[in-house]
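Here, each number is a calculation from the coordinates, and none is a lab measurement. Because the structure is predicted, anything quoted here is derived from the model rather than measured. Methodologically, a virtual Cβ is constructed for each residue, glycine included, from the backbone with ideal geometry; neighbour enumeration extends over all protein chains shown.
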Amino acid sequence: MSTARVVLYTRRLCHLCDNAREVVAAVSAERGVQWREVDIDAEPDLVSRYGEVVPVVEVDGSQVSYWWIDEARLRAALG
C-alpha cells in the first residue's frame, strides 16, 4: 500500500488553503508523488495543533511550510 508523501492540512473557507491546494497539486504531479488533504476541522486534536496556522504542508512527516506555500521549498523537500 502506498502512502502520500505530501500532506496538506486545511480548513473550510480558507483562501490561503485554496492557493496551497493548487501549489501542492502541481508540484506533486510534477514530481510524481502522492498527496492528500486533511481538513483539520474534522479532528479536534488537529484544530488544537494548527488552529489558524493553516494551510500547513508536511513532506514525509516533517513540516515544510505554512500559510504561504512556496513551490521551490516544496520541490526541495521532495528532493
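Some notes on this structure:
- Mean separation of Cα contacts under 8 Å, 6 or more apart, over the residue count of the chain: relative contact order %: 37
- Sparsely packed trypsin sites (Lys or Arg not before Pro) within segment 1-30, loop by DSSP, other Cβ within 10 Å at most 12: ARG12
- Rounded to the nearest 10 degrees, the angle from helix 15-31 to the longest Cα principal axis of the chain is 20 degrees.
- Computed magnitude of the charge dipole of the chain (debye, nearest 20; Cβ of K, R +1, Cβ of D, E -1): 180
- Once the Cβ-Cβ distance of ALA26 and VAL47 is raised to the sixth power relative to R0 = 35 Å, the FRET efficiency obtained is 0.80.
- For the chain, the C-alpha radius of gyration sits at 1.01 times the compact-globule guess of 2.2 N^0.38 Å, with N the residue count.
- Theoretical ellipticity at 222 nm over the chain - DSSP helices of four or more residues, -39500 (n - 2.57) apiece, nearest 500: -12000 deg cm²/dmol
- Dipole-positive endmost among THR10, VAL59, ILE69 within the chain (Cβ charges, Cα centre): VAL59
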